[in-house]
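J.: Sharing a structure, written as structure tokens. Questions coming.
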Amino acid sequence: MFGAVDQIKGAHYTFTLDEIPDGQYALPADNSVDPKQPFLYNQTLYSTQLFSNGPHTFTLQNGVPGVDSFILLDYMIYTT
């Protein structure tokens, strides 16, 4: 899963696969970043090779209690 993240606001995402925690992405807020170019593009937010054949449930939680987070998803790639 790829997306853009806001360096000024920061980002915190938690991922679960089939209701099992499967990683997180965290980028601390940085107020020293140029406000005219706050985004980092084409960032790998989530990647796994644990998929087996069959149905799956994927969950992305944006943010954690007390921490603001903003997400811009670009695309996902699924290969077999």
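J.: Looking only at region 25-80, how many residues end up being assigned to a strand (DSSP E or B), aliphatic (A, V, I, L, M) and closer than 18 Å to G3 by Cα? Lay out the reasoning, then the answer.
T.: To start, the set of residues in region 25-80 that are assigned to a strand (DSSP E or B) comprises 25-27, 39-44, 58-62, 64, 67, 72-75.
Next cut, aliphatic (A, V, I, L, M) only: 26-27, 40, 60, 64, 67, 72-73.
Narrowing the set further to residues that are closer than 18 Å to G3 by Cα leaves 26-27, 40, 60, 72-73.
Total satisfying the criteria: 6.
J.: Within region 2-18, is there a residue that is of a type outside the set (S, T, N, Q), in contact with a strand residue (DSSP E or B) (Cβ under 6 Å, 6 or more places away or on another chain) and open to solvent by 40 Å² or more (accessible area, probe 1.4 Å)?
T.: Among the residues of region 2-18, at least one is of a type outside the set (S, T, N, Q), in contact with a strand residue (DSSP E or B) (Cβ under 6 Å, 6 or more places away or on another chain) and open to solvent by 40 Å² or more (accessible area, probe 1.4 Å), which makes the answer yes.
J.: Filtering region 59-74 down to residues that are at pLDDT 90 or above and within 16 Å of F15 (Cα to Cα), which residue is farthest from the chain's Cα centre (by Cα)?
T.: Initial filter on region 59-74 (at pLDDT 90 or above): 59-62, 72-74.
Add one more test, that the residue is within 16 Å of F15 (Cα to Cα), and what stays is 59-62, 72-73.
Working: T59: 11, L60: 7, Q61: 9, N62: 8, L72: 9, L73: 8 Å.
Selected residue: T59.
J.: Another question about this same structure. Can you tell me which residue is nearest to T79 (Cα to Cα) among those in region 24-58 that are among the small types (G, A, S) and surrounded by 10 or more Cβ atoms within 10 Å (Cβ to Cβ)? Write out each step before concluding.
T.: Filtering region 24-58 for residues among the small types (G, A, S) gives 26, 29, 32, 47, 52, 54.
The next check asks that each one be surrounded by 10 or more Cβ atoms within 10 Å (Cβ to Cβ); those that pass are 26, 29, 47.
Numbers: A26: 25, A29: 33, S47: 12 Å.
That would be S47.
J.: Considering only residues that are touching a residue at least 40 places away in the same chain (Cβ under 8 Å) and β-branched (V, I, T), which ones fall in region 24-76?
T.: Matches in region 24-76: T44, T57, T59, V64, V67, I71.
The values are calculated or read from the model by the stated rules, or taken from the named source; none is laboratory data. None of these values were measured; they are calculated from a predicted model. Here Cβ is always computed from backbone atoms with ideal geometry, including for glycine, and neighbour counts include all displayed protein chains. These area figures cover heavy atoms from the full protein model, side chains too; ligands, DNA and RNA do not enter into them. Shrake-Rupley method; radii C 1.70, N 1.55, O 1.52, S 1.80 Å.
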